[in-house]
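Where a number appears in this text, it was derived from the coordinates with a stated rule and is not lab data. The model shown is predicted, which means the values in this text are computed figures rather than measured ones. With ideal geometry, Cβ positions are generated from the backbone for all residues, glycine too; neighbour counts draw on all protein chains shown.
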Amino acid sequence: MNTMLVRVLASVCLAGALGLTTTPASAQSDAVKEKPRIYTYVSNWVLPRGKWADMEKNNASSQKVIDAAIANGTIFAAGNGEALIHTEHGATHWGWWCATSIAGVLNVLDEFYKNGSATNATFASATAHWDNLYVSRFYNYKSGPLKNGYDHASYYKLKADAPSDAVATLSKALFVPFFDKLMDEGAVTAYQIAEESIHTQDPNGFFIFYLTPDAAGLDKVNAALRAQFAKDPLGGPAFSSMVDYTPHRDDLARSSAIFK
């Protein structure tokens, strides 16, 4: 998600606070409730270009474990991605799965270790590897498979003096209404506003992940941003008061996934 998004969404929040919208901002926030926690395990890999085709085969062989875990309720979603915007030190590939408990995500990881796929030749060829475990209370998704969609991820850091409930406040007032509307329109398949459950980065950071069914979905998200910006061109002081833009980064990948 680009910087324009957060500035536009922040302008909506500010407009509501000033009484410039038909629905008070407090009422909009009250309408969005925290959901039960979900946990997402992400395994990131940097693979030599000569091994990229092997990764596709590896994903196919891993699907048996994923399908079984979804069928028995251990997890409710899983997917994999291949970076489209390559950076010097960023991952080239990653796999992920979601559960309603930490035990759920770790049980699937155990299965991959037991059958040897977590340490196979493809992964052994990686020049770098790291994992993340995220937790989210604000999310939505459409059940079913997603083939050759797009995965957009953004990282933001809260300022040191941001309120302790800043992520929840921003999610209720800004992110959830924005993305739920895009889901209703079919532009977005799934999204979550997440924080690290196991902190390997700055604990003040948070993440926005969303999936689109096709490249047109990315354009629709951007079009929605431009439309909102045209309606409320006030800038983003509400968001800017809480967020340090300096470490902001985005990732874009081609992705396939399944949601129960």
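Multiplying the residue separation of Lys231 and Gln201 by 0.36 nm and removing their Cα-Cα distance gives an extension gain of 7.2 nm.
List the DSSP H helices in the chain whose Cα atoms stretch 20 Å or more along the helix axis and whose mean Kyte-Doolittle hydropathy is at least 0.0.
Values: long enough: 3-17 (21 Å, 1.83); 52-71 (28 Å, -0.36); 215-231 (25 Å, 0.13).
Those that pass (Cα extent of 20 Å or more, hydropathy at least 0.0) are 3-17, 215-231.
Taking 0.36 nm per residue of separation and subtracting the Cα-Cα distance, what length does fully extending Ser240 through Asn148 add? Display every interim value, and only then the final one.
Values: separation 92, 0.36 × 92 = 33.12 nm, distance 3.43 nm.
Full-extension gain reported as 29.7 nm.
With both labels modelled 7 Å from their Cα along Cα-to-Cβ, the Lys260 to Ala118 distance reads 2.0 nm. The 3J(HN,Hα) values that the Karplus relation (6.51, -1.76, 1.60; θ = phi - 60°) gives for the range 133-146 are, in residue order, 10, 10, 10, 9, 10, 10, 6, 6, 7, 9, 5, x, x, 10 Hz. Gly and Pro appear as x.
For the pair Ala223 and Leu109, label points projected 7 Å from Cα toward Cβ lie 4.1 nm apart. Scanning residues 5 or more positions from Gly205 or on other chains, those with amide H under 5 Å from its amide H are Leu158, with H placed 1.01 Å from N in the peptide plane. The charge dipole of the chain, taken about the Cα centre with unit charges on the Cβ atoms of Lys, Arg (+1) and Asp, Glu (-1), comes to about 320 debye, rounded to the nearest 20. Note on Asp165 and His86: the extension gain reaches 25.1 nm, defined as 0.36 nm multiplied by sequence separation minus the Cα-Cα distance.
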